[in-house]
Amino acid sequence: MEKGLFEKIDGLLIAVALSILACGLLAVFSATYTGSGDYFTKQLWFGAAGIVLMLVISFIPPRFISRASYLLYGISMILLILVLLFGKKIAGSKSWFSMGGFGIQPSEFAKITTILALANYLSSTDDGFRDLNKPLEFLKAALFIAFPVLLIMRQPDMGTSLVFVSMLLPIFFWAGLSPFAILCMVSPAIVVVGALLGTTYFIGSLVLVSLILLMFKRKVFIVAIVVLVNVVIGISADSLYNKLQPYQQRRIQAVFDPSLDPLGSGYNVIQSKVAIGSGGLAGKGFLEGTQTQLKFIPEQWTDFIFCMIGEEFGFIGSVILLLLFLLLIGRIVSNGSISKNRFLSVACIGIASVIFCHVVINVGMTIGLLPVIGIPLPLVSYGISSLLSFFLMLGIAMSAYRYRNQY
């Protein structure tokens, strides 16, 4: 046996991932206990397959993964195009292939292929990362994310598109993009939120952004251009909002006041908050949740699985699950920071960003703080494509740990 074999296996990451998966299996079992199909059995078998897949990926040397990254990215983009032509439309989005009774969602696998392709591009120099502070290099790197986002928006799937965008800033920051440039990218989102909340918030957000930009002591002309762009974007916020689909507008409105449409867009949020609130400190007990067992929330084993955990395991159970996610994300970032391989280092940051985005959005929409945009809770929500794609990501993170001393 190879000396130090177990030292090359990230036991902590495996233990945390399996713990989260176990929580997910319990949640899916409870959410489907009163006869909602064989979702638990499928989740169990594909969870086992995902674990095997994760371990296999962890043994593949990084040079083989990086060499295959562009090919995998190209295949995933072709699948995103094909799903627009031949995919099955579910819940208003044409984002699924129906194969043998299973639904396959190409956009889930496109997340990991995009991360790998972008990581390969950024690290494909002899000395350090590509200089993202050069406009041309920045544009080339951004196109890796822009292409799948445009295709996914055509489905349309706003939630998944947002996940792709979320990986951009952490990866670019890790690869050396200046904090000033990052603030310039973030500032329009801050101003748009302020504009949608009202004139006072709009002006306040502009003042805040302007003051922070001036703190970087860049040329006043450059700061003025950035502020002017933010003004134009803020003024256009209402027209951008009006271009959203009606159901997307209702979901945003439901965040501020679910009672505006209690039987429509606000229904899931209201029932989810009731379920979580009724769980109290320690929960009602496994299989004892009334909201869960009486199916007040449609298909709660998918995107609203967290409300089942809140109801049956209470505040304590919810916090334990969130701490497990924090530990998982922290471990992946740690693997990226200790890896001497630049490709795997960037990939780990992208993976951690995707998982973090999923957790924040899923929990946020479940407790009524964010719009309902159909984002699964990693390793917990039922979904074959989501489950396997996250195990693929964890396999890459384990590879970063195993080959941490290889350049």
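What about Val165, is it at pLDDT below 90, among the aliphatic types (A, V, I, L, M) and buried (at least 22 other Cβ atoms within 10 Å of the Cβ)? So Val165 fails the test.
When you look at Gly383, is it in contact with a Pro (Cβ under 8 Å, 6 or more places away or on another chain) and either more than 22 Å from Leu44 (Cα to Cα) or of a type in the set (Phe, Trp, Tyr) (or both), yes or no?
So Gly383 does not fit the description; no.
Looking at the structure I just gave you, is Leu71 out of contact with any Gly (no Cβ under 7 Å at 6 or more places or on another chain), surrounded by fewer than 16 Cβ atoms within 10 Å (Cβ to Cβ) and modelled with pLDDT of 95 or more?
Details: out of contact with any Gly (no Cβ under 7 Å at 6 or more places or on another chain): yes; surrounded by fewer than 16 Cβ atoms within 10 Å (Cβ to Cβ): yes; modelled with pLDDT of 95 or more: yes.
Answer is yes for this residue.
All conditions in (1) touching a residue at least 40 places away in the same chain (Cβ under 8 Å); (2) among the polar types (S, T, N, Q); (3) surrounded by fewer than 23 Cβ atoms within 10 Å (Cβ to Cβ) hold for Gln300, with the sole exception of (3). The numbered conditions (1) surrounded by 22 or more Cβ atoms within 10 Å (Cβ to Cβ); (2) at pLDDT 75 or above; (3) in contact with a Phe, Trp or Tyr (Cβ under 8 Å, 6 or more places away or on another chain) are all true for Ser265 except (2). Among the numbered conditions (1) surrounded by 23 or more Cβ atoms within 10 Å (Cβ to Cβ); (2) part of a helix (DSSP H, G or I), the only one that Gly364 does not meet is (1).
All conditions in (1) in contact with a helix residue (DSSP H, G or I) (Cβ under 6 Å, 6 or more places away or on another chain); (2) under 17 Å from Gly159 (Cα atoms); (3) surrounded by fewer than 22 Cβ atoms within 10 Å (Cβ to Cβ) hold for Leu369, with the sole exception of (1).
Within segment 170-183, residues that are of a type in the set (A, V, I, L, M) reach partners that are surrounded by 17 or more Cβ atoms within 10 Å (Cβ to Cβ) and assigned to a loop (DSSP other than H, G, I, E, B) with beta carbons closer than 7 Å, at six or more positions or on different chains, in the pairs Ala175/Phe129; Ala175/Leu132; Leu177/Leu132. When Ile104 is tested against (1) in contact with a Ser or Thr (Cβ under 6 Å, 6 or more places away or on another chain); (2) within 18 Å of Leu392 (Cβ to Cβ); (3) surrounded by 22 or more Cβ atoms within 10 Å (Cβ to Cβ), just one condition goes unmet, and that condition is (3).
Inspection of segment 222-229 finds a residue satisfying the criterion of being more than 22 Å from Leu139 (Cβ to Cβ) and exposed (fewer than 14 other Cβ atoms within 10 Å of the Cβ).
For the structure I just gave you, tell me whether Ile316 is more than 19 Å from Ala175 (Cα to Cα), in contact with a Gly (Cβ under 8 Å, 6 or more places away or on another chain) and touching a residue at least 12 places away in the same chain (Cβ under 8 Å).
Values: more than 19 Å from Ala175 (Cα to Cα): yes; in contact with a Gly (Cβ under 8 Å, 6 or more places away or on another chain): yes; touching a residue at least 12 places away in the same chain (Cβ under 8 Å): yes.
So Ile316 fits the description; yes.
The values are calculated or read from the model by the stated rules, or taken from the named source; none is laboratory data. For clarity, every value in this text was computed on a predicted model and none was experimentally measured. Cβ atoms come from the backbone with ideal geometry, glycine included; neighbour counts cover every protein chain shown.
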